[in-house]
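All of the numbers you see were taken from the coordinates with simple rules; none came from a lab. Given the structure is predicted, the values throughout are model-derived calculations rather than measurements. Every residue, glycine among them, receives a Cβ derived from its backbone with ideal geometry; neighbour counts consider all protein chains shown.
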Amino acid sequence: MKKPKFGVAVFPGSNCDFDAYEALKILDADVSYVWHEESNLDKFDVIVLPGGFSYGDYLRTGAIAQFSPLMKSLRDFIDKGKFVLGICNGFQILLEAKILPGAMLTNKDLKFICRYVYIRVENVNTPFTSAYKKSEVLRIPIAHHSGNYYATEEMLRKIENNGQVVFRYCNENGEVDEKSNPNGSLNNIAGIINEKGNVLGMMPHPERACENILGSEDGKKIFVSLLNSAVGQLLP
């Protein structure tokens, strides 16, 4: 059976591309890097937009990356029903490109945060979370200065009602409150999907939580879910 092909995007300033690549290699996935100037994504089934500081985060996080040839091709890629995972800076790029709703603001305390947090799985009926249980609590690291998710009241109501919130910051017992919100994100939102359900953006770094030696393997099932979903698309 043919293996799905994963591509890990590389922008000038990406620094988590290697981590994402290695996380997929743990699962023996067929993966390669994709330079930001690439305009043909036909051979890929999944694209991962990794964390980092694309184009130095000039203007705003992800503001310049959205105009790259790769991102222009990504819209057709998404329209074909293929999968996209945006992690941290990748999530910021997807927001700037209006592929996902909302915007990212500077953290509430105006400081860069780099530590483990807890997030709760809100929706398991996605290609990215099918291997998890509803309300499962994950211990996954964050590393960002602008992770404060914002949306208008109407937009927020819509994504909540549509089940587009996939992950929410919580405490170790799965309780969602202000104390467990590291950056000020509205409704403790840590990750969302598009209406079609084939694009996920999340601020926490699952690729840094795929082996116990790193402190947690709670993020591994995101890649397991994604691999299984991609395999399913290739079945006759």
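Given a Förster radius of 22 Å and the C-beta distance between Cys114 and Phe18 as r, what FRET efficiency does 1/(1 + (r/R0)^6) yield to the nearest 0.05? Provide the component values of the computation, followed by the final result.
Working: r = 17 Å, r/R0 = 0.79.
Computed FRET efficiency for Cys114 and Phe18: 0.80.
Could I get the Rg over Rh figure for the range 164-236? Both from C-alpha atoms, Rh via Kirkwood, rounded to two places. Before the final figure, lay out the partial values.
Values: Rg = 14.3 Å, Rh = 13.9 Å.
Answer for the range 164-236: 1.03.
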Inset, instruction - Taking 7 Å along the Cα-to-C-beta vector as the label spot, tell me the Lys98-Tyr33 distance in nanometres, rounded to one decimal. - result: 3.2
Legend entry - Scattering curve values for the chain, log₁₀ I(q)/I(0), Debye with Cα scatterers, q = 0.11, 0.14 Å⁻¹: -0.48, -0.82
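Taking neighbour Cβ counts within 10 Å as the exposure measure, how do Leu27, Leu226, Leu138 sort from fewest upward? Don't jump to the answer; show the numbers that get you there.
Values: Leu27 15, Leu226 29, Leu138 23.
Ordered by Cβ neighbours within 10 Å, fewest first: Leu27, Leu138, Leu226.
Over the chain, calculate the relative contact order: mean separation of alpha carbon pairs under 8 Å at least 6 apart, over the residue count, as a percent.
On the way: 541 pairs, mean separation 47.0, N = 236.
20 percent.
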Inset, instruction - Mind giving me the nanometre distance, one decimal, between the label points for Lys2 and Thr152, set 7 Å out from Cα along Cα→Cβ? - result: 4.2
Inset, instruction - State, to one decimal in nm, how far the label point of Glu211 lies from the label point of Arg139, with both points 7 Å from Cα in the Cβ direction. - result: 1.8
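How much mean residue ellipticity at 222 nm does the chain get from its helices, if each DSSP H run of length 4 or more adds -39500 (n - 2.57) and you divide by all residues, to the nearest 500 deg cm²/dmol?
Numbers: 5 runs with 53 residues, N = 236.
So the helix-based figure for the chain works out to -6500 deg cm²/dmol.
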Inset, instruction - Kindly rank 122-130, 172-180, 82-90 from highest to lowest mean number of other beta carbons found within 10 Å of each residue. - result: 82-90, 122-130, 172-180
